[in-house]
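Engineer: I have a structure I would like to understand better, so I am pasting it below and will then ask my questions one at a time.
Here, each number is a calculation from the coordinates, and none is a lab measurement. Just so it is clear, the model here is predicted, and its values are computed rather than measured. Cβ coordinates were reconstructed from backbone atoms using ideal geometry, including for glycine residues, and neighbour counts include every protein chain displayed.
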Amino acid sequence: SNNRAYASLQEALEQGEITTPLAPTWFPNGYKLIDIKIEQTPLKKVYTAKYTSGEKILVIKIRDYLDGDPVYVEQNQGLVEEYKVFGTTYYLFANLEDNRAAWLNESYECDISGDVTIEELKLMIDSIQKG
């Protein structure tokens, strides 16, 4: 595990030589980055970025499959909507505890989950593509 301090998830991804746009640039309600963890197995490298706003928590996970493509988005209950932006399908889920967006892009499986609204998730998604 690599505990170097990164200024942003984008910076951590760039260090991992990931050029595909995966990290949001817009965050809701005063969320601030508090931690980025990078864990690697032979199969994948996982970037986990944690943000907080007061008591609220938001987590972004990017799984880089080093040895082939992920086959599906891990789904749990509560699919609300499929949101398409620039040819990528983002699956939006609502649960009791939190809301979640999950998607595949090339060999990356990504999700954003936490104390945010579906509308805020869409704004975060929109900000990924704008860079």
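Engineer: Taking amide hydrogens as modeled 1.01 Å from N in the peptide plane, which residues meet the under 5 Å criterion relative to Glu81, leaving out close sequence neighbours?
Structural biologist: Answer set, sorted by chain and number: Leu92.
Engineer: Right, next: Counting other Cβ atoms within 10 Å, keep those with at most 12, restrict to DSSP loop, and tell me which chymotrypsin sites (Phe, Trp or Tyr not before Pro) in the range 71-131 are left.
Structural biologist: On the way: sites: Tyr72, Tyr83, Phe86, Tyr90, Tyr91, Phe93, Trp103, Tyr108; in loops: Tyr72, Phe86.
Those that pass, being in a loop and sparsely packed, are Tyr72, Phe86.
Engineer: What is the Rg over Rh value, at two decimals, for the chain, using alpha-carbon atoms and the Kirkwood definition of Rh? Let's see the in-between values first.
Structural biologist: Details: Rg = 13.9 Å, Rh = 14.9 Å.
Result for the chain is an Rg/Rh of 0.93.
Engineer: Write down the Kirkwood hydrodynamic radius of the range 23-93, to one decimal in angstroms, obtained as one divided by the mean of 1/r over all alpha carbon pairs.
Structural biologist: Computed over Cα pairs of the range 23-93, the Kirkwood hydrodynamic radius comes out at 14.4 Å.
Engineer: Here's a follow-up. At q = 0.16 Å⁻¹, work out log10 I(q)/I(0) for the range 26-66 with the Debye formula, treating every Cα as an identical point scatterer and leaving solvent out; two decimals please.
Structural biologist: Listed by q, the Debye log ratios stand at -0.45.
Engineer: Could you work out the Kirkwood radius for the range 1-49, taking every pair of different alpha carbons, averaging 1/r and inverting it, reported in Å?
Structural biologist: Numbers: mean 1/r = 0.0852 Å⁻¹.
The Cα-based Kirkwood calculation yields 11.7 Å.
Engineer: What would the Debye equation give as log₁₀ I(q)/I(0) for the range 65-131 at q = 0.11, 0.14, 0.29 Å⁻¹, counting only Cα atoms as equal point scatterers?
Structural biologist: After summing over all Cα pairs, the log10 values are -0.25, -0.40, -1.37.
Engineer: Follow-up. Scan the chain and hand back the longest stretch that contains none of the GluC sites (Glu not before Pro) lying in DSSP loops with at most 16 other Cβ atoms within 10 Å. Mind showing how you got there, number by number?
Structural biologist: Values: sites that count: Glu17, Glu55, Glu74, Glu97, Glu106.
Counting only loop sites that pass the neighbour cut-off, the longest clear stretch is 18-54.
Engineer: Mind checking which aspartates and glutamates have their Cα closer than 13 Å to the Cα of Lys122? Skip sequence neighbours fewer than 8 apart in that chain.
Structural biologist: The qualifying aspartates and glutamates are Glu81, Glu82, Asp111.
Engineer: Here's a follow-up. Which aspartates and glutamates does Lys37 reach when only Cα atoms under 13 Å apart count, and residues fewer than 8 places away in its own chain are ignored?
Structural biologist: Candidates past the 8-residue exclusion: Glu11.
Engineer: List the aspartates and glutamates whose Cα sits under 12 Å from the Cα of Lys84, skipping any in the same chain fewer than 8 residues away.
Structural biologist: Within the straight-line cut-off, Lys84 pairs with Asp126.
Engineer: Among Gln40, Gln15, Gln77, whose mean-square fluctuation peaks in a Gaussian network model of the chain (Cα, cutoff 10 Å)?
Structural biologist: The residue that fluctuates most here is Gln77.
Engineer: Further, regarding this structure: Quick one: net charge of Ile18's neighbours, Cβ under 12 Å, K/R +1, D/E -1?
Structural biologist: Values: positive: Lys45, Arg63; negative: Glu11, Glu14, Glu17, Asp64, Glu106.
Taking every other residue near Ile18 into account, the sum is -3.
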